[in-house]
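The values are calculated or read from the model by the stated rules, or taken from the named source; none is laboratory data. Since we're looking at a predicted model, the values are computed, not measured. Here the Cβ positions follow ideal geometry from the backbone for every residue, glycine too, while neighbour counts run over all protein chains shown. Just so you know, the surface numbers come from the protein's heavy atoms only, side chains and all, with ligands and any DNA or RNA stripped out. Shrake-Rupley method; radii C 1.70, N 1.55, O 1.52, S 1.80 Å.
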Amino acid sequence: MCMCASISRELEKVCFTSNLCITFSTTAGARIQEGTDSLAGDADIFQCNVDASGVILQISVVMGPCAGGAVYSPAMTDFIFMVDDTSYMFVTGPEVVKTITNETVTKEELGGVSVHAGGKSGVSHGLYPNDVATLHAMRTLLDYLPRSNDASTLSVCPVTDDPKQSVLSLDRLVPNNPNMPYDMKDIVCKVLNHGSMFEIQPEHAKNIVTAFGQMEGQTVGIVGNNPIVLARCLNIGASEKASRFMRFCDCFNIPIVTFVDVPGFLPGTGQEHGGIIRHGAKLLFAFAEATVPKITVISRKAYGGAYDVMSSKHLRGDANYVWPGAEIVVMGAKGAVEIIFCGKDVEKHTAEYRDRFANPMVAAQRGYIDDVIEPHDTCCIICDDLRLLRSKKVDTIPRKHSNIPL
């Protein structure tokens, strides 16, 4: 109880002084012998976590066991780092699970790093081999982030890259074959200063990339569909991962740069029964609600509702660009033609459909796209926009808070 009170006081102190909070969590949970006093102490910490959310940066480093109700404190912080072989998090331990469900499971199988940082639960944001590597990664992340929601605490680094320099290698990264995959991380690294990318949740929902980087010394948040996983479709995991990341960026005044190559949401009963409508709405909500500078680049495909969701101009995107050959349509040419013409003269009508609809000029003529740009000019154009949008202000409708579809 005394320890909980100390932690609560420190959280209140750093919140009022606009300093960041780093918590090293190793706990077996509430002390049984303390009864409700122990539970009260945990709840006091939870309340402080909530009060500090969006005000100061909160990072949790789990270097050992974190069990029972105490796991909810790290869960409410902005980032959780875990250490391989030594960290685990669960609400109820293996013994309780065995008693109640008769299921035999180890601590690692129940809540180890393979579960939380390996692509299953998505609880952890980073996994590292030992304590030293974990601390080093945490310090690297801090180089990108502000200490609080005060814009004056945003990280600024010396500009060493020439923002006017053309990156010619970007012209060759997207294959001519529209069905051939490529790694979106390659594009992101070329655009950022010296490839300065710190990826968040790299093993979870790999079909979308979330990362921090720097452009002209300023931190930006990166969101991008990754064509090498799940054919770049959006699914439940990707929607939750990206929406959480974007809300963090919006809380702490970090501009969002989105790279789009998406054919739609992943179809199937698994996704529908799992609530892809609700989870996809989180992603849409996060993009629409964000008031920080939002810049979007469509590298190849933007189909259907996924086009709308991925920071389109209709969700108050500040600058929306496409690369030559990109397609913005309701659905792919072949599928659309088979429906419209009932499977007759598919090849002929497919070519006509592509010429008439599946080209970026159609969207550009209607003002949905600001420009069709060459890939090698992407970095220069984004830097110019970020400079222009640095003083962006948005008037919002007065309300207690929004009701995001959690």
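Residues checked against (1) over 10 Å from the mean Cα position of the chain (by Cα); (2) open to solvent by 10 Å² or more (accessible area, probe 1.4 Å); (3) of a type outside the set (S, T, N, Q); (4) within 26 Å of Val123 (Cβ to Cβ):
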{"site": "Asn225", "(1), (2), (3), (4)": "yes, no, no, yes"}
{"site": "Val229", "(1), (2), (3), (4)": "yes, yes, yes, yes"}
{"site": "Ala238", "(1), (2), (3), (4)": "no, no, yes, yes"}
{"site": "Arg244", "(1), (2), (3), (4)": "no, yes, yes, yes"}
{"site": "Arg247", "(1), (2), (3), (4)": "no, yes, yes, yes"}
{"site": "Cys251", "(1), (2), (3), (4)": "yes, yes, yes, yes"}
{"site": "Pro255", "(1), (2), (3), (4)": "yes, yes, yes, no"}
{"site": "Pro263", "(1), (2), (3), (4)": "yes, yes, yes, no"}
{"site": "Pro267", "(1), (2), (3), (4)": "yes, yes, yes, no"}
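If I go through region 147-186 residue by residue, how many of them are of a type in the set (S, T, N, Q), in a loop (DSSP other than H, G, I, E, B) and open to solvent by 60 Å² or more (accessible area, probe 1.4 Å)? Walk me through it before giving the result.
Step one: of region 147-186, the residues of a type in the set (S, T, N, Q) are 148-149, 152-153, 155, 160, 165-166, 169, 176-177, 179.
Now restrict to residues that are in a loop (DSSP other than H, G, I, E, B): 149, 155, 160, 165-166, 176-177, 179.
If we keep only those that are open to solvent by 60 Å² or more (accessible area, probe 1.4 Å) too, we end up with 149, 160, 165, 176-177, 179.
Selection size over region 147-186: 6.
Of the set (1) more than 26 Å from the chain's Cα centre (by Cα); (2) part of a helix (DSSP H, G or I), all apply to Ala288 but (1).
Evaluate region 314-335: report whether one residue or more is in a strand (DSSP E or B), closer than 25 Å to Val220 by Cβ and either open to solvent by 10 Å² or more (accessible area, probe 1.4 Å) or modelled with pLDDT under 95 (or both). Yes, region 314-335 contains a residue that is in a strand (DSSP E or B), closer than 25 Å to Val220 by Cβ and either open to solvent by 10 Å² or more (accessible area, probe 1.4 Å) or modelled with pLDDT under 95 (or both). Scan region 369-379 for residues that are over 24 Å from the mean Cα position of the chain (by Cα) and either over 16 Å from Ser312 (Cα atoms) or part of a loop (DSSP other than H, G, I, E, B) (or both) and the total you get is 5. Within region 5-19, residues that are farther than 14 Å from Ile56 by Cα have Cβ atoms under 6 Å from residues that are assigned to a helix (DSSP H, G or I) in these pairs: Ile7/Ile45; Ser8/Asp44; Ser8/Ile45; Ser8/Cys48, counting only partners at least 6 apart in sequence or on another chain.
Yes or no: Tyr353 farther than 24 Å from Gln165 by Cβ, open to solvent by less than 50 Å² (accessible area, probe 1.4 Å) and aromatic (Phe, Trp, Tyr)?
yes
Any residue that is on the phi > 0 side of the Ramachandran plot, at pLDDT 90 or above and over 25 Å from the mean Cα position of the chain (by Cα) - is there at least one of those in region 356-368? There is at least one residue in region 356-368 that is on the phi > 0 side of the Ramachandran plot, at pLDDT 90 or above and over 25 Å from the mean Cα position of the chain (by Cα).
Based on what the data block shows, is Thr23 out of contact with any Gly (no Cβ under 8 Å at 6 or more places or on another chain), closer than 27 Å to Cys251 by Cβ, outside any helix (DSSP H, G or I) and open to solvent by 40 Å² or more (accessible area, probe 1.4 Å)?
In short, yes.
Cβ-Cβ distance below 9 Å, separation of 6 or more or different chains: which pairs start in region 386-406 with a residue that is surrounded by 11 or more Cβ atoms within 10 Å (Cβ to Cβ) and end on one that is modelled with pLDDT of 90 or more and of a type in the set (Ser, Thr, Tyr)? Final answer for the pair search is Lys392/Thr291; Ile404/Ser243. Among the candidates Val113, Val83, the residue that is out of contact with any Pro (no Cβ under 8 Å at 6 or more places or on another chain), surrounded by 14 or more Cβ atoms within 10 Å (Cβ to Cβ) and not polar (S, T, N, Q) is uniquely Val113.
Condition check ((1) open to solvent by less than 40 Å² (accessible area, probe 1.4 Å); (2) of a type in the set (A, V, I, L, M, F, W, C); (3) part of a strand (DSSP E or B); (4) under 25 Å from Cys251 (Cβ atoms)) across all residues:
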{"residue": "Asp37", "(1), (2), (3), (4)": "no, no, no, no"}
{"residue": "Asp42", "(1), (2), (3), (4)": "yes, no, no, yes"}
{"residue": "Ile45", "(1), (2), (3), (4)": "yes, yes, no, yes"}
{"residue": "Asn49", "(1), (2), (3), (4)": "yes, no, no, yes"}
{"residue": "Val61", "(1), (2), (3), (4)": "yes, yes, yes, yes"}
{"residue": "Gly64", "(1), (2), (3), (4)": "yes, no, yes, no"}
{"residue": "Gly69", "(1), (2), (3), (4)": "yes, no, no, no"}
{"residue": "Ser73", "(1), (2), (3), (4)": "yes, no, no, yes"}
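Taken as a whole, region 282-293 holds no residue that is touching a residue at least 12 places away in the same chain (Cβ under 8 Å), crowded, with 22+ Cβ neighbours inside 10 Å and hydroxyl-bearing (Ser, Thr, Tyr).
The number of residues in region 243-275 being part of a helix (DSSP H, G or I) and touching an Asp or Glu at 6+ places or on another chain (Cβ under 8 Å) comes to 3.
Suppose the filter is in a loop (DSSP other than H, G, I, E, B), surrounded by 14 or more Cβ atoms within 10 Å (Cβ to Cβ) and polar (S, T, N, Q); does Gln214 pass it?
On the way: in a loop (DSSP other than H, G, I, E, B): no; surrounded by 14 or more Cβ atoms within 10 Å (Cβ to Cβ): yes; polar (S, T, N, Q): yes.
So Gln214 does not fit the description; no.
Within region 294-313, the set of residues being crowded, with 19+ Cβ neighbours inside 10 Å and either under 26 Å from Glu352 (Cβ atoms) or modelled with pLDDT under 95 (or both) comprises Ile298, Ser299, Arg300, Lys301, Ala302, Tyr303, Ala306, Tyr307, Ser312. Look at region 204-216: where a residue is without any contact (Cβ under 8 Å) to a residue 60 or more places away in the chain and a partner is crowded, with 22+ Cβ neighbours inside 10 Å and hydroxyl-bearing (Ser, Thr, Tyr), sitting 6+ places away or on another chain with Cβ atoms under 9 Å, you get Ile208/Ser239. Of all the listed residues (Cys66, Cys48), the sole one being under 26 Å from the mean Cα position of the chain (by Cα) and more than 30 Å from Met197 (Cα to Cα) is Cys48.
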